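Chemist: Have a look at the structure that comes next, please.
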Amino acid sequence: MRIKKKGTSGAAKNYITRTRAVKKLQISLPDFRRLCIFKGIYPREPRNKKKVSKGSTAATTFYYTKDIQYLLHEPLLNKFREHKTVAKKIGRALGRGEVGDAARLEKTHIPKIKLDHIIKERYPTFVDALRDLDDALSMIFLFANLPSTQHVPSKTIALCQRLAHEFEHYLIVSHSLRKSFLSIKGIYYQATIQGQDILWLVPYRFVQRTGGDIDFRIMGTFVEFYTTLLGFVNFRLYTSAGLVYPPKFNAKSDEMGGELGAFQLEGKGISKNDEPATNGEASTAVTSAIAQAEADKVADMIDPEEKKEDGALVQVDEEGNTDTIDKFEATAQDGDILPQPQASNAEIASLFASFTFYLSRETPRAPLEFILKAFGCKKVGWDGILGDGAFTTDESDPTITHQIIDRPSLPTESLPQVPNIPTPVDDGAAVPKAQWPRSTMPGRTYVQPQWVWDCINQGKLLRPDLYAPGAELPPHLSPWVKAKKGEYDPNLPLAEQELPGEAEAFEDEEEDAEFFEEEEAANEKDHNMDALAARDTSVEAGEGMDIAGSEDEIDEEDEEEEENDMAAAEEWDGIESDGESDLSDDEVAHRQHQRELEAEALGSVIEPTVATTKSKNAAIRKKADKKRREEEEERERQKMMLTNKKRKLIKRIEHGTKKRDVESEALRKKRRKIEKVKAAANAV
Amino acid sequence: MAPNPRKRKVVTRDAPQKADSEDELGLLEGILSHSEADSNDSDDDESSDGSSVIEGLSDEDEEDEEDEDDEYSAEDLDSDEVPTDGEEEIRKQIRNLSTTDRPLKNKSSKLTHENGFGIGEDRESESAQEDSELRPNYTVITDANGNERYIYQEIDPVYESDESDAPETTNTIGNIPLHYYDAYPHIGYDINGKKIMRPAKGEALDALLDSIDIPKGWTGLTDPETGKPLELSEEELDVLRKITRNEIPADGYDPYPDMVHYFTGHEEIMPLSAAPEPKRRFVPSKHEAKRVMKIVKAIREGRIKPYKPPAEEEEEDDDFRYDIWADEVPRPEYSMHIAAPKLPPPGYDASYHPPAEYLPDKHEKSTWLEADEEEREKEYLPTDHDALRKVPGYERFVKERFERSLDLYLAPRVRRNRLNIDPESLLPKLPSPDELRPFPTTCAVIFRGQEGRVRSVSVDPHGIFMASGGDDGYARIWEITTGRQLWNVKLSDEDAVDTVKWRPGKDASILAAAAGETVFLIVPFTILSPDIEQISRDLLDAGWGYAASKPSTTTNIAITKEPPAKWSRPGVRLESKGVLVQATVRSTIKVINWHRKGDYFATVSPRGQSSAVAIHTLSKHLTQLPFRRLKGLAQSAQFHPSKSIFFVATRNSIRSYDLAKQELVKILQPGAKWISSIDVHAGGDNIIVGTYDKRLLWHDLDLSTKPYRTLRYHQEAIRAVRYHPGGLPLFADASDDGSIQIFHGKVVGDLMENATIVPLKVLKGHKVKSRLGVMDVDWHPREPWCVSAGADGTSRLWN
């Protein structure tokens, strides 16, 4: 048998280092980078690095050889090479001082890179493209908000803006926006198109910090690819929704800050007359919206059986002519309960349909406009300062039902007097030009912007009084967090989630720490909460004075016990015998008795130790602690019997859960503290 | 030419020779002639195939030489004279060569001479050599032109004569008669060990040369124009010859003709044409002016644009003007593709107005701010803004996007399988703690009153007394339930009592204690009932006089050799306390272990090499040394609970010996560095081993020589290990970290099931003094109580 030569088969052949790949493709490293970005080729981690790199363990990037081979016949490679030759020529011309020549070369000879074939290649189906749209959208929305610089040409930015707005228009038309979340990073949106959840992040409108080690060439390459992708996606979406792509773009309106309003959507075949752009899309989009809703419904229903049932049901209900899914009520106990989509999407899609909104000057217009429209609102007006395309710029318009305000409420006296402008008398009756905060319009709801977000995330209209201007807002929660078992959930009351004995332990701790806290709190007066805490604790301390003596003793005992526990738990604490804890209980009783005896001898009457909250707590806690400890011990004992391998496995599994437990416990603790402070504040 | 002979060689081996000669007839003349020679030779000796090979080989040699000859002659042609008759010349030279090679023996002698072996055995060669020395080293012949030509003999290269390092074929066979090689195709070996082939014989060469019929005017060259062999006539050859000799090739040829000038460099005074320069050469062309004016007019009228601005670029709208997925065909992802993982959605703490509990407190905030950017668990700090208008821009936004894009194209993607195992399923089912009860949990009694460390404890078979021995040289007996000291005796003034051990069996009550080299057998009669005392005394006294009554065989040895132990009475003081017998061995005893019947006990004194392990017979007051030489330092020794097997633990192995057959049964390799103690389970199939390297090992003798379980729960060395003797599935170990650990160790009689070991309890209470904690541990014979000896001067009872 012939001895096989090393490095000729297997892993050594399957992987190729980046340097070798670049050499093989005969392009420069930046070009290689671009090619990889365009083609979506990424490095791989070989299972055994040593085998691949022939024994050396230096840190290197490996690619699949097959991937690189696949790059070899990429038409873009030739374009890159052509580009290189032209760049050389331009360089030469510039060197000679022939600027005109150079300009001509640049204008006519630089090859245009088209990525159509790559899009088709990477995303063979439309759904594939939708699946990969998260990053594309985030990037494009970021670039749409960037100022043009040397690295980022204004053309790119304009393109990004255009594509972003087009995409938003589609979402408005098809009502496929599902959720949104105001985070500290920006605004997250989630849309569901053809069953694919797309999540993207849009920054707040501020100048972005672009300093540091950010390479805009790489970002630019990505943007180049993503714009092509989103262009095709938009085309497909528009055509499937029966719209003309590209939509008509009103440059004048855009210059005046029209943004979304600068685009005018057209149905196929029908050329729309000059209806206002802001509400023009609605009528054309009716069919497509229904189609989208239908598609989503289909996508939501995973269970084929359910689908069948549903079909049968639709047939039955044909007279009723309802499109929605009916609620199934179980008639008997023994049947399985099949999951159903909760609320129909159409319902949520028309959440704001009957309202007219007015956005105050200080509110972020773009996201609000987008969201309100995406959830069915057709009439959104705003202050003229915020740009073109408003339904109305008149704040006193009587049709307005909701006004979104993000200003603190100030006492009326502190406001400067408005010079009395004589109102134009057209109708004969002088309309009072009363504006918030000076006065409220009757029949109009004033809310803060968060109301809109919370409404759409919960799929229903919430009480607006919680979100009234100047009110303390309820916390804004992420709609994507699904609390797992054992994880902290801020929606649920604390009592439902905490472990037995935890609350009592907390109370005791609080009381132990109260004196320290008092001092601290005294130092820190700026924070409201701590001040409240201090007040609260001082009250408690005063109350607890009379039983301090007995408490202290118990405390000491506790500590002792704890010490013992600590010592025992150090390495391996075997099984706690019942005897020991019994003994300690006995001891307590014994001491109690002893004390009584002593008191008798002295002739004084000892007050019967009141079952204070503290001692009760201690008892509960001790019980819970004991139980937990026993469980833990049992577990430890079991673990001790495992082989090393399994023990490590368990350790790894438990690491995650333990971390989660610790986190949620910390959260619960914090919440308890806050609730206590609040309760104290209420009491005061 | 080279590949041909080789090829031929191969052929001749397989095929009959005639066929092969015919086969290659048409190929080359040279080969043709060779094959003829071959066939001639093969006529001479057709004996074997080998011979033909020989011939072939020799032929090859010949050819090589011929080649050289050809070159040589060509050189001749160049340098010396032009041969008149080419054919003759060639033949002559070849013949010359062949003649020099002809006498085989001559050559060989020459070879030997070259080697420096001057003294040849062959007389003939000697004479030839002499001849060559006498004669002038050249011969004079007439060359082709009839001139004299000196042909020098080959230079005889003696060692000094030649400076060149050129390799030469030298026969290396040494000083042996050459006719030994007569039967072989070779005549010896060169310095590289390759065969030196026998040169061709004269007759063969002649035949070859005769067979070559050189035609008239043959030059050996080919005419490049016709492709046929170039034949030159006599005259042409003559011309060639003259040219080569720098002679005038033909008569009447003028080598230096006069030069004829065709053109002169001088400018003539008179031009060739006298016509004057025409006017048109000085007048602008009307035609050209017309054409220019035409263009000018066109430009003025705007028909021609002097600079055409390049066509405006078409907008890139066109890019997206078609449906790229019009004919979409789903393609299965290839198996190695890993889609980029999506970014996780934001959690509650990323909210602009999160629930208050998600906000970091002061400490968390400062740690986050102080931490390095890469080390932060979250890249943002949860912050609360009570209104949307107060939310600032996120300054890391672009950076995070950039990092994400880097991840997309730079980060290697690996598919990781998520562990989806329920940890509960991995845990073994253990007996519940209630099933494991009873076991000792608390310290019930502390036995105080000893000075220095307590080295050893032992509970008597009735379970009433506890004996202890310590550094103060006292052996003490305590009441186990009360902790009251009942009895004591000072056994030694200088030595500590290293070990105490009650004799098993309830009929009598005898305590064995060792201090220094001496074992004391004690009957503490003050605390015993009279009948038990009597039985005990009888047991001890039975041996007196046994040595005297013993036949002389042993005494003979005893005379020559020191007896392994001296049995004697300890003296009145001790005897009054109940110490009745003492036996002194050669070195300090550390361990005593009784046989189950109570007649024998083994002592171990680790320092006494050959006498390390001694077995004492109580009824005979006899001591035997079972091992003449023990491998390693003995640490402990114990009897098998039911069989006549004896376990000896050395520093890192445990050997079991069959005492009846007097042979080694098994060697256990616990893998420990230093064994401190062992104990054998009542069933006899399991051993626990405590080691100074903090390990407790459980050996199942049926399974393997390696430990079945290794338990490492101690932080310091383990001093003692002990099974519960009374049937409870418990064992305990004592360690220098001051703790005793109690384990449940259930041995099932069923061979299919291995022992279950469950850690139960850590008993802490002994104080660590000068790095010693608990020195010894012993179990109560029936109850789940254990007794420990601490270095802090106390013993404790745990129940």
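The values are calculated or read from the model by the stated rules, or taken from the named source; none is laboratory data. Quick caveat, the model's predicted, so the values are computed rather than measured. Cβ atoms come from the backbone with ideal geometry, glycine included; neighbour counts cover every protein chain shown. The accessibility values were calculated without ligands, DNA or RNA, using every heavy atom of the protein model including side chains. Shrake-Rupley method; radii C 1.70, N 1.55, O 1.52, S 1.80 Å.
Chemist: Starting from the 7 Å offset along Cα-to-Cβ, what nm value, one decimal, do you get for the label separation of A:Ser354 and A:Glu255?
Modeler: According to this spin-label approximation, the distance is 4.3 nm.
Chemist: Follow-up. Could you check the spin-label model distance between B:Glu479 and A:Glu631? Points 7 Å from the Cα along Cα→Cβ, value in nm.
Modeler: Placing both labels 7 Å beyond Cα along the Cβ direction yields 4.8 nm.
Chemist: Mind scanning A:Lys4/A:Lys645; A:Lys13/B:Lys399; A:Lys23/B:Lys378; A:Lys49/B:Lys342 and naming the pairs with a C-alpha gap bigger than 31 Å?
Modeler: Distance filter (> 31 Å) returns A:Lys4/A:Lys645; A:Lys13/B:Lys399; A:Lys23/B:Lys378.
Chemist: Calculate how large, on average over all directions, the projected area of the Cα convex hull of the stretch B:723-799 is; give the answer in nm² to one decimal. Kindly include the intermediate steps, with their values, before the conclusion.
Modeler: Details: hull surface 20.3 nm².
Over every viewing direction, the Cα hull of the stretch B:723-799 projects on average to 5.1 nm².
Chemist: Which residues, if any, in the stretch A:461-486 have at least 10 Å² less accessible area in the whole protein complex than in the isolated chain, probe 1.4 Å?
Modeler: For the stretch A:461-486, once contacts with the other chains are taken into account, A:Leu473, A:Pro475, A:His476, A:Leu477, A:Ser478, A:Trp480, A:Val481 lose 10 Å² or more.
Chemist: Still on this model: Ignoring ligands, DNA and RNA, how much accessible area is buried between chains A and B, both sides summed, with a 1.4 Å probe, to the nearest 100 Å²?
Modeler: 9500
Chemist: Apply the a/c threshold of 1.5 to the C-alpha gyration tensor of the stretch A:11-108 and tell me whether it is rounded, prolate or oblate.
Modeler: It is prolate, given that a/c is not under 1.5 and a/b is the larger ratio.
Chemist: Sticking with this one: What length, rounded to one decimal in nm, is gained on full extension from B:Glu148 through to B:Val283, with 0.36 nm per residue of separation minus their alpha-carbon distance?
Modeler: Taking 0.36 nm per residue and subtracting the Cα distance, the gain is 39.7 nm.
Chemist: While we're here: Near the amide H of A:His476, under 5 Å away, which other amide H atoms are found, from residues 5 or more places off or on another chain, if H is placed in the peptide plane?
Modeler: B:His353
Chemist: Just tell me how shielded A:113-124 is by partners: mean number of partner chain Cβ atoms within 10 Å of each residue's Cβ, no decimals.
Modeler: What the average comes to for A:113-124 is 2.
Chemist: Which entries in A:Lys622/B:Lys767; A:Lys484/A:Lys627; B:Lys490/B:Lys764; A:Lys658/B:Lys673 show an alpha-carbon gap greater than 26 Å? List each step's numbers first, then the result.
Modeler: Values: A:Lys622/B:Lys767 29 Å; A:Lys484/A:Lys627 24 Å; B:Lys490/B:Lys764 30 Å; A:Lys658/B:Lys673 38 Å.
Pairs exceeding 26 Å: A:Lys622/B:Lys767; B:Lys490/B:Lys764; A:Lys658/B:Lys673.
Chemist: Based on a Kirkwood Rh over C-alpha pairs, give the Stokes-Einstein translational diffusion coefficient of the stretch A:183-240 at 25 °C and viscosity 0.890 mPa s in µm²/s.
Modeler: Details: Rh = 14.0 Å.
Result for D is 175 µm²/s.
Chemist: What is the packing order of peptides B:377-389, A:451-463, taking the mean over residues of other C-beta atoms within 10 Å and listing the highest first?
Modeler: The most tightly packed comes first, giving A:451-463, B:377-389.
Chemist: Shifting gears a bit: With r defined as the distance between the Cβ atoms of B:Arg629 and B:Glu451 and R0 fixed at 51 Å, what FRET efficiency is calculated, to the nearest 0.05?
Modeler: For R0 = 51 Å, the calculated efficiency reads 0.85.
Chemist: Let me ask something else. May I ask you to derive the FRET efficiency for A:Asn48 and A:Asn491 from their Cβ-Cβ distance with R0 = 45 Å, giving the value to the nearest 0.05?
Modeler: E between A:Asn48 and A:Asn491, to the nearest 0.05, is 0.40.
Chemist: Per residue, how many Å² of accessible area does the stretch A:38-175 show with a 1.4 Å probe?
Modeler: Values: 6590 Å² over 138 residues.
With all protein chains present, the stretch A:38-175 gives 48 Å² per residue.
Chemist: Another question, then. With r defined as the distance between the Cβ atoms of B:Asp407 and B:Arg771 and R0 fixed at 56 Å, what FRET efficiency is calculated, to the nearest 0.05?
Modeler: About 0.55, to the nearest 0.05.
Chemist: Run the quick spin-label model on A:Arg96 and A:Phe206: label points 7 Å from Cα toward the beta carbon, then report their separation in nm to one decimal.
Modeler: Output for this residue pair reads 5.3 nm.
Chemist: May I ask you to give the percent of accessible area on the stretch A:11-108 that is carbon plus sulfur, with a probe radius of 1.4 Å?
Modeler: Result for the stretch A:11-108: 51 percent of the exposed heavy-atom area is carbon or sulfur.
Chemist: Sort the following peptides by mean Cβ neighbour count (other Cβ atoms within 10 Å, averaged over residues), highest first: B:354-360, B:465-471.
Modeler: Going from most to least packed, we get B:465-471, B:354-360.
Chemist: Need one word for the stretch A:612-663: rounded, prolate or oblate. Basis is the Cα gyration tensor (sqrt eigenvalues a ≥ b ≥ c); a/c below 1.5 gives rounded, then a/b vs b/c decides.
Modeler: Cα axes put the stretch A:612-663 in the oblate bin.
Chemist: Right, something else. Counting only other chains, and only Cβ atoms inside 10 Å, what mean value do you get across the residues of A:640-650?
Modeler: Whole-number average of other-chain Cβ neighbours for A:640-650 is 3.
Chemist: Let me ask something else about it. If packing is taken as the average number of other Cβ atoms within 10 Å across a peptide's residues, how do B:442-449, A:148-155 rank, most packed first?
Modeler: Details: B:442-449: 17.0, A:148-155: 11.8.
Result, highest mean first: B:442-449, A:148-155.
Chemist: Which lysines have a Cα lying under 22 Å from the Cα of B:Lys279, excluding residues fewer than 8 positions away in the same chain?
Modeler: Of all the lysines, those that pass the test against B:Lys279 - Cα under 22 Å, at least 8 places apart if same chain - are B:Lys290.
Chemist: Using the structure shown, list the pairs from A:Lys248/A:Lys379; A:Lys5/A:Lys66; B:Lys631/B:Lys746 with a Cα-Cα distance above 25 Å, or answer none.
Modeler: Check vs 25 Å cut-off fails for B:Lys631/B:Lys746.
Chemist: Per residue in the stretch B:390-408, which ones lose no less than 30 Å² of accessible surface when going from chain alone to all protein chains (1.4 Å probe)?
Modeler: Output list: B:Val391, B:Gly393, B:Tyr394, B:Glu395, B:Phe397, B:Val398, B:Lys399, B:Arg401, B:Phe402, B:Ser405, B:Leu408.
Chemist: Per residue of A:34-43, count partner chain C-beta atoms within 10 Å of its C-beta, then hand back the mean as an integer.
Modeler: The per-residue average across the peptide is 3.
Chemist: Per residue in the stretch A:208-225, which ones lose no less than 40 Å² of accessible surface when going from chain alone to all protein chains (1.4 Å probe)?
Modeler: Residues shielded by partner chains are A:Arg209, A:Asp213, A:Ile214, A:Ile218, A:Met219, A:Phe222.
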